[in-house]
Amino acid sequence: MSRFAVSLFLAAAPALLSQTSADIPQPKNWTAAEDHQNMMDQLGIKALRPGPSGNESAPNHANYDEATANPFPNLPDVLTLKNGQKVTTPEMWWNQRRPEILEDFDREVLGRVPKNVPKVTWSVTQTVADQTIGSRAVTAKRLVGRADNSSYPLINVDIQMIVVTPAAAKSPVPVMMMFGGGRMPGEPAPAGRGGAPPAAGSDPPSTEQLIADGWGYAYINPASVQADNGAGLTKGIVGLVNRGQPRKPDDWGALRAWAWGASRGLDYLETDPSINAKQVGIEGVSRYGKAALITMAYDTRFAVVLVGSSGEGGVKLHRRNWGEAVENLTATGEYHWMAGNFMKYGASEATFGSKNAGDIPVDAHDLIALCAPRPTFISYGIPEKGDARWLDHQGSFMAAIAAQPVFRLLGAKDLGRSDAYKTEKMPAVNVSLLDGQLAWRQHDGGHTDAPNWKYFIPWADRLLKHQPPTAQ
Ligand code: GCU
């Protein structure tokens, strides 16, 4: 800089500074209803169809009749390009079909991660080395991933993660990353939450099973990335990038933001020498089951996924009329999970007419296919124990069946069933389909994946060729 330029800069600096702070728009403090209405206005939607009720005794309860469950029986073919050409080679999948599917999910369903999403810098804020998990010594770290907010200092995003590895490991360990707040080893449960010991006869917690098998685990806290409500869309990482202002129709929703957060967690794990970053998996249940599937679908660095009871927006076909529906996802309670554009598919009255589930260019089978050929375990429980019919177990199995051809094309093994997704019936409860990279198991418990961990771990070990430590 010349001396003239320097003095000009110095003279202008105070003005620049004051201009910057005056120019920073305050974040919008809308309710979910206000933000939802704003997105309807942006899209020219005048009315949305109401979603069915999850209360089975309510007059407007969801459909549970197989006879009317398939109003759109034909799924978009996972191995046909938009131009009608069949995908016959792995190259065509990777270079043509996969990008087409991702673009549809980005634009219409989940929203795009913005190009200018800030960099995240991780730091370890606490290390604990004197604790055990299920009697095995562990090393635990608490981390914070701080998103650069220099473009909008009014919003902070500090991603919270906990990483726990077996102390006895002699080489880098595989790690399961799980969506959830989680606790450091030895840290007491907050009063009234999660403190109860497991019921007699139930399996040890997943954390104990993983450590005993020579895995590490990590908790990534989704709430520290993006709030689980519409009012939060002008805050969190979505709000930070938008400088506190509302989303555009193809901006990301909370599910895509949570998945992005998990990917940033994996960035850290790649720098940690105690971890084999080529063997990091992702897990979640329910809304976090949806997020786990999406994480795996988008970020091919994740090696394995356990998708717990994910339902609508996860493994369940949008095109099925059973339990939760597209119209539930487009309402004020859930639209924030999705791209704004997704609301079009629940519109009964709009400038573009009306659209429904049958108009979505992609469906759940495509999302499962994006995980191929990496090991993908789909887990459910049973309605009798609380894994409600609302989730549509059969519709989820049909999606998995329809994803099979992609696993085979890429040299992986499928569920071992025919590709006839319209007629294939899901296996009985507790019958495992675990021979291949695409796997299915409906356990006899409730809305949890806990009873499936003891099937998941040996299955993942076999496919990732992980040797558990010899029993001590
Ligand atoms: C509701 C919602 C589901 C979701 C579940 C959960 O039941 O309809 O889509 O998966 O909450 O996350 O617990």
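Readers should treat all values here as calculations from the given coordinates under stated rules, not as data from a laboratory. Model, not experiment: these values are computed from the prediction. So basically every Cβ, Gly included, is an ideal-geometry build from the backbone, and we count neighbours across all protein chains shown.
Before moving on, here are some points about what is shown:
- The chain pair-distance distribution - Cα-Cα, 10 Å bins, rounded %: 4, 19, 29, 26, 14, 5, 2, 0, 0
- Shape box of segment 230-298 [Cα atoms, principal axes, largest first, Å]: 40, 25, 17
- When peptides 425-432, 289-296 are ranked by their average number of other Cβ atoms within 10 Å per residue, the highest-first order is 289-296, 425-432.
- Set of aspartates and glutamates with alpha-carbon distance to Lys28 below 18 Å, sequence-local pairs under 8 removed: Asp41, Asp228, Asp251
- Descending semi-axes in Å of segment 256-296, equivalent ellipsoid built from Cα gyration tensor: 20, 10, 6
- Sorting the segments 389-400, 180-191 by their residues' average number of neighbouring beta-carbon atoms within 10 angstrom, most packed first, yields 389-400, 180-191.
- Magnitude of the charge dipole for segment 208-358, about its Cα centre and with charges confined to Cβ atoms of Lys, Arg (+1) and Asp, Glu (-1), is about 500 debye.
- Hz values of 3J(HN,Hα) by residue in segment 219-226 - Karplus curve (6.51, -1.76, 1.60), Gly and Pro given as x: 10, 10, 8, x, 5, 7, 9, 7
- For segment 100-180, a/c is not less than 1.5, where a ≥ b ≥ c are the root eigenvalues of the C-alpha gyration tensor, and a/b does not top b/c. That puts it in the oblate class.
- Here the Karplus relation 6.51 cos²θ - 1.76 cosθ + 1.60, evaluated at θ = phi - 60°, turns the backbone of segment 279-289 into coupling constants of 10, 9, x, 9, 9, x, 10, 6, 4, 7, x Hz, with x for every Gly and Pro.
- Placed amide H near Gly445: partners under 5 Å, 5+ positions off or other chain: Ile382
- Dipole magnitude for segment 18-164: computed about the Cα centre from +1 point charges on Lys and Arg Cβ and -1 point charges on Asp and Glu Cβ, it is near 500 debye.
- Quotient of the Cα radius of gyration of segment 231-359 and 2.2 N^0.38 Å, N being its number of residues: 1.17.
- Among 440-447, 48-55, the order from most to least packed when residues are scored by Cβ within 10 Å on average: 440-447, 48-55
- Solution diffusion estimate, µm²/s, Stokes-Einstein, segment 284-353, Kirkwood Rh from C-alpha pairs, 4 °C, viscosity 1.567 mPa s: 99
- Close amide H contacts of Ser348 (hydrogens built in the peptide plane, cut-off under 5 Å, sequence separation of 5 or more or a different chain): Ala47, Leu48, Arg49.
- Selected from Ile211, Val138, Ala227, residue furthest toward positive end of dipole (segment 137-249; charges at beta carbon): Ala227
- Per-residue HN-Hα couplings for segment 158-163 [Karplus 6.51, -1.76, 1.60; θ = phi - 60°; Hz; x = Gly/Pro]: 10, 6, 9, 9, 10, 10
- The amide H of His61, built 1.01 Å from its N in the peptide plane, has Ser53 as neighbours under 5 Å, considering only residues 5 or more places off or on other chains.
- Flagged links, alpha-carbon separation over 20 Å, of Lys344/Lys425; Lys119/Lys235; Lys141/Lys290; Lys46/Lys316: Lys344/Lys425; Lys141/Lys290; Lys46/Lys316
- Of all DSSP beta bridges in the chain, antiparallel share, percent nearest 5: 50
- Using Cβ point charges alone (K and R +1, D and E -1), the dipole size of the chain about the Cα centre works out to roughly 940 debye.
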